[in-house]
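Everything on this sheet refers to the single structure shown next.
The values are calculated or read from the model by the stated rules, or taken from the named source; none is laboratory data. Small disclaimer: the values here were computed from a predicted structure and weren't measured. Methodologically, a virtual Cβ is constructed for each residue, glycine included, from the backbone with ideal geometry; neighbour enumeration extends over all protein chains shown. For the accessible areas, the whole protein counts, side chains as well, though only heavy atoms, and no ligand, DNA or RNA atoms are used. Shrake-Rupley method; radii C 1.70, N 1.55, O 1.52, S 1.80 Å.
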Amino acid sequence: MAVADIVKRCQDMYEDLNFTYAREWKAAKAGRKVVGFLPVYAPMEMIHAAGCLPLGIFGGGDQMEVIHGDAYYQSYICRIPRSTIELGVTGRVDFVDGMIFPFVCDVIRNLSGIWKMMFPNVWSKFFDTPQNFDPSIGGDYYAVELQELREGLEQLTGRKITDDDIRRSISLYNENRRLVREVYAFRAKEPWKAPTSEVYVLMRAGLMMDVEEHNQLLKDYMAAAAAEDRPKRDNVRIAIYGSFCEQPPLNLIKSIEMAGCYVVEDDYSLVNRFITEDVPVDGDPVRNLAMSFITHSVETSCKYVPKLGEKGKYHVAQVKQCGAEGVIYATPSFCDPALLDRPMICSALTEAKIPYISFKYAENSGQMQPIREQAGTFADSIKLWS
Ligand code: SF4
């Protein structure tokens, strides 16, 4: 398959707010169920082990006008909870049987309560991931939370999830994580062959489709992208942080690339790379999932870092590892976790002499010219003075 065909398929899925793939997947076999989840991380293995399709729901993007959703929230808040409510009240997710609201911040926590009241017939769970990363405290707690999720899914589907079911799903998602890591490594090495605007839709589509199908798609993309002859431009290599929850519009990602930046590292839609290593398959699969989260997961603003002065060190290390020359800290407007972290992360970048700029966006931002100018000037300044 050619790169353009793969990207088109993924972009069509990414733009489809009626979630046709998931609707068709469900309709293809009696008794199938779809379980939605919000950013930033959900244990897709458990949903898959229950025989359900995990469906990443990342708000309404820039394609949808929010009319009803605004009535449920104050004005000065990010857009993702409002557009998610809009998806619900307009019937776009009326086929979804369950919803998981992972802990990200109070906004998502409150959204889970609103969802329960508005859609009492849909099974939903506020999934409270730990903030204590001591294996004997946060690890034990998280294993219990995962067990509760398992029981909730069993009630939803009416069938037991065995340890072997979870092990099989872990194996498939381990392969998915390995391939995802390969795609990102390929992009960091030869970013002109795997532009982020392509990689982004490839990953977003993966959060809406069957994992085995996505594994094949990742292989196809890498083979096709490696074979394609694309010119290498005089762009600077940058990392993007702060975009882990509400996602920027695709045009914003394209604008940054068109301004002369190769994005070689980012924290967009982290779900399928939140855990950074294979989850062990032998032994207690629930404990294995819990311990992988505790000991091998990425750092984002929705994870508590207890040691003073540690915030930002992860980002500096990542920037160095992928050879980025600068950082764009791009956050959703009113995003408390990202904006509270910004001074600490930027101060760590300053200390490490890594240039950065920052700006805010909303998932429906439409004016790209200021962002293009800012990113373009940043790229030029790196070329001239770094
Ligand atoms: S964008 Fe930020 S403030 Fe809004 S729900 Fe996500 S983490 Fe919370």
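What do you get for the angle between helix 106-118 and the principal long axis of the chain? Use alpha-carbon atoms, 0 to 90 degrees, nearest ten. Roughly 40 degrees between the two axes. Rolling a 1.4 Å probe over the heavy atoms of the protein chains gives the chain an accessible area of 41 Å² per residue.
Counting only heavy atoms of the protein chains and using a 1.4 Å probe, ASP70 has close to 70 Å² of accessible surface.
Normalising the Debye intensity of segment 138-248 to I(0), with uniform scatterers on Cα atoms only, and taking log10 at q = 0.14 Å⁻¹ returns -0.76.
Ordering ILE100, GLY88, GLN367 by the projection of their Cα atoms onto the charge dipole of the chain, which places +1 on the Cβ of Lys and Arg and -1 on the Cβ of Asp and Glu, puts GLN367 at the extreme positive end. Counting only pairs 8 or more places apart or on different chains, how many lysine pairs in segment 3-163 have C-alpha atoms closer than 27 Å? So the count works out to 14.
Cα gyration tensor of segment 3-163, axes a ≥ b ≥ c as square roots of the eigenvalues: rounded (a/c below 1.5), prolate (a/b > b/c) or oblate? Oblate is the answer for segment 3-163, as a/c is 1.5 or above yet b/c matches or exceeds a/b.
When you filter the trypsin sites (Lys or Arg not before Pro) in segment 1-80 for DSSP loop state and at most 15 other Cβ atoms inside 10 Å of their Cβ, you are left with LYS29, ARG32. Each principal axis of the Cα cloud of the chain was taken in turn, and the coordinate range along them, longest first, works out to 63, 46, 44 Å. Expressed as a whole percent, the accessible surface of segment 1-158 that belongs to carbon and sulfur atoms is 50, based on a 1.4 Å probe. Projected onto its three principal axes, the C-alpha set of segment 264-314 covers 36, 28, 15 Å, listed from the longest axis down. Charge tally for PRO195 (other residues, Cβ to Cβ under 9 Å; Lys, Arg +1; Asp, Glu -1): +2.
Across segment 16-79, how large is the tail of the calculated P(r) beyond 17 Å, expressed as a percent of all Cα pairs?
54 percent
Our note on the geometry: Cα centres of segment 177-249 and segment 9-88, 21 Å apart.
Note on segment 307-382: the C-alpha convex hull projects to 5.6 nm² when averaged across all orientations. Here the accessible area is traced with a 1.4 Å probe on the protein chains. For segment 216-271, carbon and sulfur cover 47 percent of it.
Between the alpha-carbon centres of segment 348-386 and segment 272-313 there is a gap of 29 Å.
Quick note on segment 198-277: its Rg to Rh ratio, both from C-alpha atoms and Rh being the Kirkwood radius, is 0.97.
On a 0 to 90° scale, report how tilted helix 3-15 is relative to the longest principal axis of the chain, with both axes built from alpha carbons and the result rounded to the nearest 10. Approximately 60 degrees, to the nearest ten.
So what's the angle, to the nearest 10 degrees on a 0 to 90 scale, between helix 369-385 and the longest Cα principal axis of the chain? Between the helix axis and the principal axis of the chain, the angle is about 50 degrees. Normalising by the residue count of the chain, find the relative contact order in percent from Cα pairs under 8 Å and 6+ residues apart. After rounding, I find 20 percent. In this Cβ point-charge picture (+1 for Lys and Arg, -1 for Asp and Glu), the chain has a dipole of about 380 debye about its Cα centre. Seen from every direction in turn and averaged, the convex hull around the alpha carbons of segment 1-49 projects onto 4.8 nm².
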